Every structure is written in C-alpha cells, then in structure tokens.
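These notes concern the structure reproduced below.
The values are calculated or read from the model by the stated rules, or taken from the named source; none is laboratory data. Not measured: the values here are computed from a predicted model. Glycine also receives a Cβ, built like all others from the backbone with ideal geometry; neighbour counts cover every protein chain displayed.
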C-alpha cells in the first residue's frame, strides 16, 4: 500500500471526507458528523486504505477544531489548505457548482499535488492567552459602543419629539 490523501471539507455539524490515491483515484467519499465517535470511525476506515495517510483541512479552527484535535492526537500527518486556495483551485476542476463532495475532492487533490502546504500551527500558551484577552476586550468595546449608540438614539429621538410637540 502507498500514501493516500484525505481531504476534509469542514462544516459546523458535518464534514465531508474524500480519500484519493497517488493517481487521484477516489477510494472513499463519506459524510461524517462532527462527533468524536464518528470521526474516530472515519480515521480507522481511512487507515485501512493505505500505509500512510496525509490529511488536509480547509479550516484551522472553529468547526474543524475537533477533527484537527483527533488527527493530531492520533499522530496523523495533517496539512492546512486555506479556503481561498481551495476556491481558486476549484475553478480548474470539471463540474459546476459548489458542493461539499467537490470541495473535499479538491482539498485532497491539492494536498496530493502541492508541495508548499504546511501543518496548522498550534499556538503556545502565551499566544492563546493573549488571543483570549484581546477577544474579550474587543467584545467589551463592542458592547460599550452599542450602549452609547442606543443612548444617543434615544436622546436624539426625545429631542425631536419634544420639539414637534412644542409647536
């Protein structure tokens, strides 16, 4: 058995995985729920198809966080393909429209052909803490701005009404 490439088009509740061989022949196409037991089942199913599997995802966080954690925890090779790269590459493949199956196949094929792709970088503790703090600060600023804008709208509305009633 040889190297196989598994492309995952990540979604909020479901992912789609397409596995291809070194010639681009499709070995597996499967929709899987974003659930640990189903993702572990997919991992076992893909592992049975080849000696070495290279996984590729189009998201580095959010909906893909669970599948990334499972793959890294299992010691699998994982690379990240930015969504804009997938969108540009999809135009060179046959077929119309955007589907999860097509995107997963494009991700797998790009992982097979490209040599410039890298694994997703995991942040160190300080970077993660700073991201949490700056995210919290951004939320506080947005909340304050929203409150100030509401107060301005209320005060402006009162002055217009009182001017209209005084005539």
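Before we move on, is residue 108 over 17 Å from residue 5 (Cα atoms) and within 18 Å of the chain's Cα centre (by Cα)? No, not satisfied. Residues that are touching a helix residue (DSSP H, G or I) at 6+ places or on another chain (Cβ under 6 Å) and more than 30 Å from residue 131 (Cα to Cα) are absent from region 38-52 altogether.
For the structure I just gave you, tell me whether residue 125 is modelled with pLDDT of 85 or more, exposed (fewer than 11 other Cβ atoms within 10 Å of the Cβ), out of contact with any helix residue (DSSP H, G or I) (no Cβ under 8 Å at 6 or more places or on another chain) and over 15 Å from residue 57 (Cα atoms). Lay out the reasoning, then the answer.
On the way: modelled with pLDDT of 85 or more: no; exposed (fewer than 11 other Cβ atoms within 10 Å of the Cβ): yes; out of contact with any helix residue (DSSP H, G or I) (no Cβ under 8 Å at 6 or more places or on another chain): yes; over 15 Å from residue 57 (Cα atoms): yes.
Considered against the rule, which asks whether it is modelled with pLDDT of 85 or more, exposed (fewer than 11 other Cβ atoms within 10 Å of the Cβ), out of contact with any helix residue (DSSP H, G or I) (no Cβ under 8 Å at 6 or more places or on another chain) and over 15 Å from residue 57 (Cα atoms), residue 125 comes out as no.
When region 25-34 is examined, which residues are found to be over 10 Å from residue 67 (Cβ atoms) and touching a strand residue (DSSP E or B) at 6+ places or on another chain (Cβ under 9 Å)? Result: 26, 27, 28, 29, 30, 31, 33.
How about region 54-77: which of its residues are crowded, with 20+ Cβ neighbours inside 10 Å and in a strand (DSSP E or B)? Outline the logic, then answer.
Restricting attention to region 54-77, the residues satisfying the condition of being crowded, with 20+ Cβ neighbours inside 10 Å are 55-59, 64, 67-68, 71.
Selection gives 55, 56, 57.
Can you find a residue in region 134-144 that is surrounded by 11 or more Cβ atoms within 10 Å (Cβ to Cβ) and either over 14 Å from residue 6 (Cβ atoms) or at pLDDT 85 or above (or both)? No, region 134-144 has no match at all.
Could you look through region 15-44, keep only residues that are free of Cβ contacts under 8 Å to residues at least 24 places away in the same chain and surrounded by 15 or more Cβ atoms within 10 Å (Cβ to Cβ), and pick out the one that is nearest to the chain's Cα centre (by Cα)? Selected residue: 32. Scanning region 90-112 for residues that are more than 23 Å from residue 12 (Cβ to Cβ) and at pLDDT below 85 yields 91, 92, 93, 94, 95, 96. The residues in region 80-89 that are surrounded by fewer than 18 Cβ atoms within 10 Å (Cβ to Cβ) and not in a loop (DSSP other than H, G, I, E, B) can be counted, and the count is 6.
Every residue in region 1-14 that is within 13 Å of the chain's Cα centre (by Cα), in a strand (DSSP E or B) and surrounded by fewer than 23 Cβ atoms within 10 Å (Cβ to Cβ), please. Please lay out each step first, then the result.
Kept after step one, since they are within 13 Å of the chain's Cα centre (by Cα), are these residues of region 1-14: 7-14.
Restricting the remaining residues to those that are in a strand (DSSP E or B) gives 7-9, 14.
14 - this is the single residue of region 1-14 that is within 13 Å of the chain's Cα centre (by Cα), in a strand (DSSP E or B) and surrounded by fewer than 23 Cβ atoms within 10 Å (Cβ to Cβ).
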